[in-house]
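Enquirer: I am attaching a structure below and will ask some questions about it afterwards.
The values are calculated or read from the model by the stated rules, or taken from the named source; none is laboratory data. Remember, predicted model here, so these are calculated numbers, not experimental data. Reconstructed Cβ throughout: ideal geometry from the backbone, glycine too, with neighbour counts over all protein chains shown. We work out accessible area using only protein heavy atoms, side chains counted, and drop any ligands, DNA or RNA first. Shrake-Rupley method; radii C 1.70, N 1.55, O 1.52, S 1.80 Å.
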Amino acid sequence: MKAIELLLERVLFNSRWLLAPFYLGLVLAMALLLVKFAKEFFNFVPLVFTGSGGDVIIGILSLIDVVMIANLVLIIVLAGYENFVSRIEADNQEDWPKWMGHVGFAELKMKLIGSIVAISGIELLKAFMHVENLTNAQLGWKVGIHMTFVVSGVLFAVMDRIAAEKGGGHDSESHGGDKH
């Protein structure tokens, strides 16, 4: 019976490698975001010379939006892989990001919600730049959705703080501690 238990545990533990193709898929999605960024950039260049100040600001915000999403995907890929699949060896990497190896599940969740709030804020600012094209109902929905993200982020932070104070948090120490 012990042999079956050990085999089951080994299968369950090694099943984490099933996540690796998901992370590779997200890397490919980042490549597609690069294509989207290039398209937005080349559409933006003539706008700088012919568009209004508001149009230029919206163009820049659109570029920032794509960059924020790419940053979010990168954080999820690297931190998710390290937290759930395997440690990334970075012994000889001089430009290794300081946050790598130190982002636990709680920090990953907060980075995710923070990025979503930032992206939502950019979308809301873009809407405000052309507020005359929106009905009050459309504007209300945009503000309401953004505020839902903001409140959710605050609630996540409060819940994580309460859990950490009670010793039941999902901090990096509860998942094996510092990996580097």
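Enquirer: Explain nothing, just the number: relative contact order of the stretch 1-160, from Cα pairs under 8 Å at least 6 residues apart, as a whole percent.
Expert: Over the stretch 1-160, the number comes to 23 percent.
Enquirer: What's the lysine pair count for the chain at a Cα cut-off below 25 Å, pairs eight or more apart or interchain?
Expert: Summing the qualifying lysine pairs gives 16.
Enquirer: Quickly rank 64-73, 50-59 as a protection proxy: mean count of other C-beta atoms within 10 Å, highest first.
Expert: 64-73, 50-59
Enquirer: Quick check: pseudo-label points 7 Å beyond the Cα along Cα→Cβ at residue 47 and residue 161, how many nm apart are they?
Expert: Here the answer is 3.8 nm between the modelled labels.
Enquirer: So for 39, 166, what's the accessible-area order with a 1.4 Å probe, most first?
Expert: Working: 39 125, 166 170 Å².
Largest to smallest exposure gives the sequence 166, 39.
Enquirer: Of [x] 17.2, 59; [y] 15.8, 47; [z] 21.0, 76, which is the value of Rg and Dmax of the Cα atoms in Å derived from the coordinates here?
Expert: Label [z] holds the value from this structure.
Enquirer: Cβ neighbours within 10 Å, averaged per peptide: list 122-129, 29-36 in order, most packed at the top.
Expert: Numbers: 122-129: 16.5, 29-36: 12.4.
Averaged packing, sorted descending, gives the order 122-129, 29-36.
Enquirer: I'd like the accessible area for residue 146: 1.4 Å probe, protein heavy atoms, all chains in place, Å² to the nearest 10.
Expert: Per-residue accessible area (residue 146): approximately 30 Å².
Enquirer: Another question about this same structure. Just to be sure I understand: with springs between alpha-carbon atoms less than 10 Å apart, which residue in 165, 40, 94 has the highest mean-square fluctuation in the Gaussian network model of the chain?
Expert: 94
Enquirer: Are there any helices in the chain, counted as whole DSSP H runs, that stretch 24 Å or more along their axis by Cα and score at least 1.0 on average by Kyte-Doolittle, and if so which? Present the calculation step by step, with values, prior to reporting the outcome.
Expert: Working: long enough: 20-50 (46 Å, 1.58); 53-84 (45 Å, 1.83); 105-129 (36 Å, 1.24); 136-165 (43 Å, 0.83).
Span-like helices in the chain: 20-50, 53-84, 105-129.
Enquirer: Counting other Cβ atoms within 10 Å, keep those with at most 13, restrict to DSSP loop, and tell me which chymotrypsin sites (Phe, Trp or Tyr not before Pro) in the stretch 25-119 are left.
Expert: Working: sites: 37, 41, 42, 44, 49, 81, 84, 99, 105; in loops: 99.
Here the chymotrypsin sites (Phe, Trp or Tyr not before Pro) that fit, given the DSSP loop and packing criteria, are 99.
Enquirer: Efficiency by 1/(1 + (r/R0)^6): what FRET value for residue 24 and residue 135, r their Cβ-Cβ distance, R0 = 41 Å, to the nearest 0.05? Show your work: numbers first, answer last.
Expert: On the way: r = 43 Å, r/R0 = 1.04.
With R0 = 41 Å, the Cβ-Cβ based efficiency is 0.45.
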